[in-house]
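Here is the structure we will look at, set down as structure tokens.
The values are calculated or read from the model by the stated rules, or taken from the named source; none is laboratory data. Predicted, not measured: the structure shown is a model, and the values here were computed from it. Glycine gets a Cβ as well: all are built from the backbone with ideal geometry, and neighbour counts include every protein chain shown.
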Ligand SMILES: C[S@@+](CC[C@H](N)C(=O)[O-])C[C@H]1O[C@@H](n2cnc3c(N)ncnc32)[C@H](O)[C@@H]1O
């Protein structure tokens, strides 16, 4: 049996275009598009974190709409995917939740479009770790201009960046999440 894989989308602390540490706003599509990818690729839970209570309430409202409100009747497959979403204030709360659910501290793996001078884990090695089922893995996704260094410092590893044919690789977080999950969890191993 493969290891439990958790996802977390962080809105703080992230960098802005000038490299300053900021809190980014919430994007509706990030909640349900990533939830669909998470459901498709067997993610155990998808955490959306935001430090501002009003924006957490907004996220909860979006989840409620697709879980219980009109959206649930309108689109049952989205309802199923949204069942994976949990809204938390920050990474500490996410780790505590995962520890409680998985019964162990997860391996923290950050994602970024750039290696940022840090040792990286390859898709192959992370996939093998998932396949071996030995440990829970928590994959962190950034917003704004990416995760702050203080988050990377807390991570056990940085996943190798997705790269196309040339140097440009700045994907939306939704696209990055779908591709990352496909590479880590798809049935097609070619
Ligand atoms: C920097 S944010 C950009 C947020 C932006 N507002 C958007 O369009 O979604 C994108 C996040 O997606 C992931 N990401 C983007 N491009 C990536 C790549 N080439 N390799 C790995 N992860 C990537 C990282 O988690 C990164 O923090």
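Key figures for this structure:
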{"item": "So residue 38, is it at pLDDT 95 or above, closer than 30 Å to residue 131 by Cα, part of a strand (DSSP E or B) and within 13 Å of the chain's Cα centre (by Cα)", "result": "no"}
{"item": "Yes/no for residue 113 being within 15 Å of the ligand (Cβ to nearest atom) and within 15 Å of the chain's Cα centre (by Cα)", "result": "yes"}
{"item": "Which numbered condition residue 170 fails, given (1) surrounded by fewer than 20 Cβ atoms within 10 Å (Cβ to Cβ); (2) modelled with pLDDT of 95 or more; (3) more than 13 Å from the ligand (Cβ to nearest atom)", "result": "(3)"}
{"item": "Subset of the range 111-167 that is at positive phi and in contact with a strand residue (DSSP E or B) (Cβ under 9 Å, 6 or more places away or on another chain) - its residue that is surrounded by the fewest Cβ atoms within 10 Å (Cβ to Cβ)", "result": "116"}
{"item": "Complete set of residues in the range 151-167 that are closer than 10 Å to residue 140 by Cα and within 7 Å of the ligand (Cβ to nearest atom)", "result": "159"}
{"item": "Some residue of the range 95-109 being within 11 Å of the ligand (Cβ to nearest atom) and within 18 Å of residue 8 (Cβ to Cβ)", "result": "yes"}
{"item": "Residue that is surrounded by the most Cβ atoms within 10 Å (Cβ to Cβ) [pool: residues in the range 4-15 that are in contact with a strand residue (DSSP E or B) (Cβ under 6 Å, 6 or more places away or on another chain) and farther than 15 Å from residue 173 by Cα]", "result": "6"}
